[in-house]
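Before we start, here is the structure in question, set down as structure tokens.
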Amino acid sequence: MKFSVVIPVYNGSRTLPACLEALSAQYYRDFEVYLVDNNSKDDSVDIILQFLTAHPDFPGQLLHEPRQGACPARNTGARAATGQVIANIDPDCLPDPDWLTDLAEAFADGEAAAVAGNIESRAPENIYETFAALYTLPGRSQLEEYRAYMLTYGGYATANLAITKTWFERLGGFDESINYKGVGIGEDHDILARLYAAGGMLRAVPNAAVAHWHRSDLRGIVRQGFLFGLAQALLTRRHGRNGVLFNVGGREMVLPAPVKGWVEFDGLNKKVVSLLATGLLHPLLLATAPCYLLWQVLKVRRRLHSKGLQTGVSGSFALVFLLLAKTTAMTYGRLRGSLSEKVICI
């Protein structure tokens, strides 16, 4: 089984060298790599060319895609691919040496149309990366298989997503119309929803891991939350059930309605706003919101301990603030997306 690794590159100079070194160290040797430059303004292209020159045996090629967006770039790489499986990762991912070996094992029985490997967090270097390590792209501990997309499960990120070329071509690749100002939003979930609808199965495995560089500043975290919100509204229109899906306390229910919708009450920002609203009933109830935030600080500290991470008390408060900021940005994105997609997404 030959793998074609496709990597869209836009201003990836910070992480590209390590990504390329990790690919060159793969135990599994039947693979090729397509690095698709997407109008980088930094020295990404120079880094790629220098690496290919210094490693003449590395099976890599540099391609260019002038249309802005990860979807056009990934599709360009996929069209050039000669392997039986297209393995998508990002330039900010470091695949384990046995990444392709584990993917090959997951595809070996011929039943899976796609395989999602594990996405782990690289050791964080600041409070923002620590936050992302706690709350973004959590890893999994057991094998799971999916044959349906339901908004809250069945979707996986292209940071570690492999699809057989037969299925990729059958689906027409990534939908290049899905983007916000040149940034893809929900294209990974969309292609999997279409795969399931066509009868394909995805296998999500606890190995085949890559270590991911997360957002490293406040702007990046807030923008990511906003884009997640936009994507959720788009996916609600495209792949949501008829009616309105409610998420409350970790439970789901769908209420009949003449429109599609997704209302999620479990975000930290919504819980805080709800608690503050109780102050309208009695001033003493205003104390519930700060008490709840203190409880969140304790939860953060427990989560840090479970992940083997550490930060001081002030850092724990900062992590709660970041969670509040990201969930607020996500809600804003959902509301913006509701208007453009003509759905109810809050």
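What is the projected area of the convex hull of the Cα atoms of region 144-196, averaged over all directions, in nm²?
Averaged projected hull area, Cα only: 4.0 nm².
Would you mind working out the magnitude of the charge dipole of the chain relative to its Cα centre, with +1 at each Lys and Arg C-beta and -1 at each Asp and Glu C-beta, to the nearest 20 Debye?
For this selection, approximately 1620 debye.
Another question about this same structure. Cut-off under 19 Å on the C-alpha distance; same-chain residues fewer than 8 positions from Lys342 excluded. Which aspartates and glutamates are left, in chain and number order?
Counting by Cα, and skipping residues close in sequence, Lys342 has these aspartates and glutamates nearby: Glu187, Asp190, Glu264.
Of the DSSP beta bridges with both residues in the chain, give the percent that are antiparallel, rounding to the nearest 5.
40 percent
Normalised radius of gyration for region 172-216, please: alpha carbon Rg relative to 2.2 N^0.38 Å, two decimal places.
1.45
Over the Cα atoms of region 126-255, what is the Rg over Rh ratio if Rh follows Kirkwood?
Checking Rg against Rh, the ratio lands at 0.96.
Tell me the relative contact order for region 117-175 as a rounded percent, counting alpha carbon contacts under 8 Å between residues six or more apart.
Once normalised by length, the contact order is 35 percent.
Could you work out how much longer the chain between Val259 and Tyr153 gets when fully extended? Use 0.36 nm per residue separation minus the Cα distance between them, nm to one decimal.
36.1 nm
Right, something else. For the chain, how big is the tail of P(r) above 38 Å, as a whole percent of Cα pairs?
18 percent
Please find the FRET efficiency linking Leu284 to Ser314, where r is the Cβ-Cβ separation and R0 is fixed at 35 Å, and quote it to the nearest 0.05.
0.80
In addition: Restricted to Cα positions, what overall size does region 93-181 have along the principal axes? Three whole-Å values, descending.
42, 36, 23
Karplus couplings for region 149-156 from phi (6.51 cos²θ - 1.76 cosθ + 1.60, θ = phi - 60°), rounded to Hz, Gly and Pro as x?
After applying 6.51 cos²θ - 1.76 cosθ + 1.60, I find 10, 10, 6, 8, 7, x, x, 9 Hz.
Also: Among Lys41/Lys181; Lys270/Lys299; Lys165/Lys260; Lys299/Lys326, which pairs are too far apart, with a Cα-Cα distance over 23 Å?
Lys165/Lys260
Which length gain, in nm to one decimal place, applies between Met1 and Asp43 when the Cα-Cα distance is subtracted from 0.36 nm times their residue separation?
Result: 11.8 nm gained on full extension.
Counting each DSSP H run of 4 or more residues in the chain as -39500 (n - 2.57), what helix-only mean residue ellipticity at 222 nm follows after dividing by all residues, to the nearest 500 deg cm²/dmol?
So the helix-based figure for the chain works out to -13500 deg cm²/dmol.
Let me ask you something else. Under 1.5 on a/c is rounded, so check that first for region 269-334, then, if it is not, pick prolate when a/b is larger than b/c and oblate when it is not; a ≥ b ≥ c are the square roots of the alpha carbon gyration tensor eigenvalues.
Note, shape of region 269-334 comes out oblate.
Could you let me know the centre-to-centre spacing of region 28-50 and region 288-320, using Cα atoms, in angstrom?
Distance between centres, Cα-based: 39 Å.
If you don't mind, there's one more thing I want to ask. Over all pairs of distinct alpha carbons, what does the Kirkwood formula give as the hydrodynamic radius of region 201-303, in Å?
Result for region 201-303 stands at 17.2 Å.
Moving on. Regarding region 28-115, what's the average projected area of the Cα-atom convex hull, expressed in nm²?
About 6.3 nm², averaged over all directions.
Regarding region 14-72, what is the average projected area of its C-alpha convex hull, in nm²?
One quarter of the hull surface, i.e. the mean projection, equals 4.4 nm².
Just subtract the alpha-carbon distance of Thr53 and Leu218 from 0.36 nm times their residue separation and send over the number in nm, one decimal.
55.7 nm
Expressed as a whole percentage, what fraction of the accessible surface of region 217-340 belongs to carbon and sulfur atoms when a 1.4 Å probe is rolled over the protein heavy atoms?
67 percent
Quick check: at a probe of 1.4 Å, how many percent of the accessible area of region 1-117 sits on carbon and sulfur atoms?
52 percent
The values are calculated or read from the model by the stated rules, or taken from the named source; none is laboratory data. Model, not experiment: these values are computed from the prediction. Positions of Cβ are generated from backbone atoms using ideal geometry, with glycine treated the same way; all protein chains shown enter the neighbour counts. These accessible areas exclude ligands, DNA and RNA; they are computed on the full protein's heavy atoms, side chains included. Shrake-Rupley method; radii C 1.70, N 1.55, O 1.52, S 1.80 Å.
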